[in-house]
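So the structure is just underneath, and the comments pick up after that.
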Amino acid sequence: MSHFNRRQALALLGAAGTPLAMAHNPLSAAAAAVAPSSVATEDPYLWLEDVLGDKALTWVREHNAASRSVLEAQPDFEAMRTRLKDILDSRDRIPMVSREGEYLYNLWKDQAHPRGLWRRTTLDSYRQAEPQWDVILDLDALAKAENENWVWSRATRLGGKSTRALVALSRGGADATVVREFDLATRRFIEGGFTLPEAKSDLAWLDENTLFVGTDFGEGSLTDSGYPRVVKLWKRGEPLSAARTVYEAQKTDVAASISVDHTPGFERVVFGRAPDFFTDELVLWRDGKSTPIAKPADAQISFWRDAVLIKLRSDWTVGDSTWASGSLLMAPAEAYLRGERHFTALFTPTATRSLEGWSTTRSQVLLDVLDNVANRVVAWRKVANDKGQEWQQRELKTPFPGALQVQPLHDPQVADDPLAEHFFVSYVDFLTPDSLYLGRADQDSLERIKARPAFFDTTGMRVEQRFAKSKDGTRVPYFVVWPQGATANGKNPTLLYGYGGFEVSMQPWYSASWGHGWLRKGGVLVVANIRGGGEFGPAWHQAAIKSHKQKSYDDFIAVAEDLLANKVTTREHLGIQGGSNGGLLVGAVMMQRPDLFNAMVCQVPLLDMKRYNKLLAGASWMGEYGNPDDPAEWRFISKYSPYQNVHQKTKYPRVFFVTSTRDDRVHPGHARKMAARMMSQGHPVLYYENIEGGHGGAADNAQLADRQALEFAYLWAQLGSPAKAGTRS
């Protein structure tokens with residue numbers, strides 16, 4: 001069972017490799033309802049927070065049209081958009097799968113199936129070049145039949161011998177979903193089965209006739225962040241209104257959580273409340289009674305058969321021992337619950353090594369270790385010795401350096417599971433397409449079973465890791481991906497990308513779209529590993545939160561200055577890009593140092609940090625940024641909040657804001673209002689808002705290709721090309 005990571009589940013923008021991978025009308029009313037008249041007086045663009053309001057959408061459509069007319073006129077725009085869509089629709093991709101029971105499940109999109117096919121196959125078939133897929137649900141056919149713009153969210157199977165699943169679909173890619181019970185045997189939604197209306201719901205099976213459910217039950221059932229506050233036990237055949245409350249979080253919490261372990265002999269139900277994004281309190285639910293699970297508030301804890309695994313985010317002193325922040329500890333579960341504190345340390349951090357995550361086979365713990373921002377895999381298992389048994393570690397022989405992702409195949413509900421010790425491991429780096437290997441945790445060899453073909457010619461390209469010195473002397477690593485023939489001559493169109501928040505690490509990725517749209521055309525790509533991320537463990541993140549958030553921006557600025565000092569590029573050819581928290585990053589940095597850059601792509605961003613906690617899921621991120629309603633905390637937030645720091649007399653380059661109407665995580669009002677304020681002061685601005693797409697900015701490959709083509713057209717217009725170095729739009 002893989003460790004559940006709430007940071008990944010709720011994070012603003014998770015995947016570094018896909019820089020940008022809702023209830024209907026209630027959004028409009030909710031956005032307007034939080035606006036006191038005093039704020040309306042101070043903020044002349046508050047009306048743009050009315051997500052689906054006629055006036056706001058008219059503004060959006062006008063600026064979409066104006067921006068498209070500029071960007072679509074750029075050379076090769078149509079050819080680039082077509083090429084990007086061909087890449088995204090290509091069948092020459094690795095169909096990533098999850099294992100449940102005897103099958104591997106996959107959601108597949110291509111030109112013929114833009115919404116996707118939910119399908120499955122066996123491992124033996126999957127190992128073949130052309131697996132035989134069994135289609136379970138055709139989302140395009142479903143969307144057409146029901147006249148809905150369905151976008152796949154997830155399927156939650158009960159597992160074991162059951163054929164039941166809970167399928168969650170969103171309208172237009174929003175976080176809010178409609179949940180319907182599905183029977184895999186008949187390939188049909190179950191009439192009269194478990195069904196939930198559109199909401200940000202959390203569900204888990206207790207058994208085939210019982211669910212734990214957190215959803216919008218009505219007034220008072222959601223947290224200030226818009227996530228479920230109440231967990232109820234819902235039995236088949238009874239109306240949702242009759243479900244019995246079994247757990248409640250507080251209104252000011254981020255959310256209530258539900259975790260059910262169905263491992264035979266180790267069945268457990270755990271509920272939790274998250275006071276902020278980085279802390280939680282958990283209870284073990286047995287026979288209707290809840291017992292608190294003692295742990296440090298900011299520690300992550302999970303059960304694995306008869307053991308408990310604890311990752312620390314702060315130092316923890318237990319008796320005479322102090323365990324360092326970033327450590328992973330293991331203990332016997334029942335002894336731990338009784339209050340005993342005898343641990344085996346499976347990981348302790350160093351100056352350059354941190355724990356990115358972990359997962360388990362039936363008998364081993366697999367650690368995902370970051371070593372100077374490159375992955376290694378370490379396996380722990382019990383071995384016999386003259387003392388009986390003890391835990392020992394070994395490093396698996398995996399490709400290096402680059403980004404690895406480990407996925408155990410063990411299903412604990414399968415008796416005598418033949419895949420109990422098997423795992424997949426994928427490898428990728430900036431210039432190497434994805435490869436998928438099959439391994440066994442009790443063996444050293446890996447079998448490569450899938451490989452994505454190269455989508456662009458990397459001949460002559462190279463990657464290097466450099467370090468910049470930040471304002472306070474901290475060494476900040478960054479990657480430079482050089483196109484063929486590029487030298488440090490100060491003339492290279494260069495794109496600097498960053499995130500720097502929520503302990504999310506920026507690891508290498510392979511992007512065919514970026515290869516064609518940027519690298520192959522002569523652009524340099526730079527990826528900054530700034531503080532606020534997780535590249536060097538919890539301390540690297542905690543060094544740049546709340547009152548220290550400016551350090552993220554200082555680090556990013558330091559990387560930009562290092563690029564200029566070493567003649568990788570010049571100001572005229574340097575652009576920056578980031579999404580979500582990364583959109584806040586580039587927005588803040590552009591307001592502070594516009595002299596360093598000539599382009600900014602700001603995607604689904606936070607920008608009005610005075611009101612972010614009142615908009616959609618914003619309240620859940622106060623653990624990262626602080627509370628702007630607290631005067632003491634607003635003093636440091638106000639210094640970097642982009643919306644409050646636009647100045648009419650400052651000269652900014654033409655910037656490009658990209659967002660989505662259907663983003664119900666980061667409110668599109670951030671980008672709308674920032675663009676409007678800058679335009680009112682006479683600054684050059686391009687703005688594009690996709691009506692669908694959710695927080696990922698696109699609901700299907702056509703929308704994603706279109707958005708990427710717009711972004712590349714903008715970047716080349718602003719930063720020039722190697723053949724036209726020195727020019728400026």
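The values are calculated or read from the model by the stated rules, or taken from the named source; none is laboratory data. What you see is a predicted model, and the numbers here were worked out from it, not measured in a lab. Positions of Cβ are backbone-derived with ideal geometry, glycine not excepted, and every protein chain shown enters the neighbour counts. Ligands, DNA and RNA are stripped out before the accessible areas are found, and what is left, the full protein with its side chains, is counted by its heavy atoms. Shrake-Rupley method; radii C 1.70, N 1.55, O 1.52, S 1.80 Å.
Kindly flag which residue pairs out of LYS144/LYS200; LYS469/LYS549; LYS232/LYS295; LYS55/LYS251; LYS55/LYS649; LYS200/LYS639 have an alpha-carbon separation exceeding 21 Å in this structure.
Distance filter (> 21 Å) returns LYS144/LYS200; LYS232/LYS295; LYS55/LYS251; LYS55/LYS649; LYS200/LYS639.
Check cross-link reach from LYS521 to the aspartates and glutamates: straight Cα distance under 17 Å, and skip same-chain residues fewer than eight apart.
ASP76, GLU78, ASP457, GLU711
Which loop-located trypsin sites (Lys or Arg not before Pro) does the stretch 116-193 contain, where loop means any DSSP state but H, G, I, E or B and the Cβ has at most 16 other Cβ atoms within 10 Å?
Here the trypsin sites (Lys or Arg not before Pro) that fit, given the DSSP loop and packing criteria, are ARG127, LYS161, ARG187.
Would you tally the net charge around ASP134, using a Cβ to Cβ cut-off of less than 10 Å, leaving ASP134 out, and scoring K and R as +1, D and E as -1? All intermediate terms of the calculation are to be shown ahead of the outcome.
Details: positive: ARG119, ARG120, ARG187; negative: none.
It works out to a net charge of +3.
I'd like the distance separating the alpha-carbon centroids of the stretch 79-133 and the stretch 536-567, in whole Å.
After rounding, the separation between the Cα centres reads 38 Å.
If you bin every alpha carbon distance in the stretch 220-362 into 10 Å steps from zero, what whole percent lands in each bin?
P(r) for the stretch 220-362, in whole percents per bin: 10, 35, 34, 17, 4, 0.
Given the whole protein assembly as supplied and a 1.4 Å probe, what does the accessible area of ILE190 come to in Å², nearest 10?
40
Taking the dipole about the Cα centre of the chain, with the C-beta of Lys and Arg at +1 and of Asp and Glu at -1, give me whichever of ALA242, ILE449, VAL213 is farthest to the positive side.
ILE449
When all protein chains stay in place, what accessible area (Å², nearest 10, 1.4 Å probe) is found for PHE347?
The accessible area of PHE347 comes to roughly 20 Å².
Taking the full set of protein chains and a 1.4 angstrom probe, give the accessible area of TRP323 in square angstrom, rounded to the nearest 10.
50
Two-decimal Rg/Rh of the stretch 260-311 from alpha-carbon positions, Kirkwood Rh?
Using Cα coordinates only, the ratio equals 0.97.
Quick one: if you stick a label point 7 Å off each Cα along the C-beta vector at ASN209 and PHE189, how many nm between them?
2.5
Give me the compactness ratio for the stretch 515-652, meaning the Cα radius of gyration over 2.2 N^0.38 Å. Spell out each step's value before the answer.
On the way: Rg = 15.6 Å, N = 138, 2.2 N^0.38 = 14.3 Å.
Compactness ratio reported: 1.09.
Carbon and sulfur: what percent of the chain's accessible surface (1.4 Å probe)? Don't skip to the end; give the middle numbers.
Details: 13750 of 28320 Å².
Looking at the chain in its full context, I get 49 percent from C and S.
Send over the Kirkwood Rh of the stretch 576-729, from the inverse of the averaged 1/r over different Cα pairs, rounded to one decimal Å.
On the way: mean 1/r = 0.0628 Å⁻¹.
Evaluated over the stretch 576-729, this radius sits at 15.9 Å.
Magnitude of the Cβ-charge dipole of the stretch 521-634, K/R +1 and D/E -1, about the Cα centre, nearest 20 debye?
Approximately 180 debye in magnitude.
Treating only the Cβ atoms of Lys and Arg (+1) and Asp and Glu (-1) as charged, compute the dipole magnitude of the chain about its Cα centre; round to the nearest 20 debye.
Approximately 1440 debye in magnitude.
Using DSSP to call loops (not H, G, I, E or B), can you name the trypsin sites (Lys or Arg not before Pro) in the stretch 361-411 whose Cβ has at most 16 other Cβ atoms within 10 angstrom? All intermediate terms of the calculation are to be shown ahead of the outcome.
Values: sites: ARG362, ARG376, ARG381, LYS382, LYS387, ARG394, LYS397; in loops: ARG362, LYS387, LYS397.
Counting only loop positions with at most 16 other Cβ atoms within 10 Å, the trypsin sites (Lys or Arg not before Pro) in the stretch 361-411 are LYS387, LYS397.
Calculate, in nm to one decimal, what SER363 and ARG61 gain on full extension: separation in residues at 0.36 nm each, minus their alpha carbon distance.
103.1 nm
At what distance in nm do the modelled label points of THR352 and ARG91 sit from each other, each positioned 7 Å from its Cα along Cα→Cβ?
Modelled inter-label distance: 4.5 nm.
7 Å from Cα along Cα→Cβ at both GLU561 and ALA294: what's the point-to-point distance in nm?
4.9
Given a 1.4 Å probe, how much area per residue of the stretch 78-170 is accessible, in Å²?
Dividing the accessible area of the stretch 78-170 by its residue count gives 48 Å².
Run the numbers for GLN681 and GLN250: contour at 0.36 nm per residue of separation, minus the present Cα-Cα distance, in nm.
Extra length available between GLN681 and GLN250 comes to 150.9 nm.
Order the peptides 586-596, 243-253, 267-277 from the highest to the lowest mean number of other Cβ atoms within 10 Å of their residues. Write down the numbers at each step before the final one.
Details: 586-596: 21.6, 243-253: 16.6, 267-277: 19.2.
Going by the mean number of other Cβ atoms within 10 Å, highest first, we get 586-596, 267-277, 243-253.
Are there GluC sites (Glu not before Pro) in the stretch 70-127 that DSSP puts in a loop and that have at most 13 other Cβ atoms within 10 Å, and which ones? The partial results should precede the final answer.
On the way: sites: GLU72, GLU78, GLU100, GLU102; in loops: GLU72, GLU102.
Listed in order of number, the matching sites are GLU102.
Take SER445, SER170, SER257 and sort them by solvent-accessible surface of the protein heavy atoms, 1.4 Å probe, largest at the top. Mind dumping the intermediate values first?
Numbers: SER445 75, SER170 5, SER257 40 Å².
Most to least solvent-accessible, the answer reads SER445, SER257, SER170.
Hey, what's the stretch 489-566 come to in accessible area per residue, 1.4 Å probe, Å²? Working shown, then result.
On the way: 1660 Å² over 78 residues.
On a per-residue basis, the stretch 489-566 sits at 21 Å².
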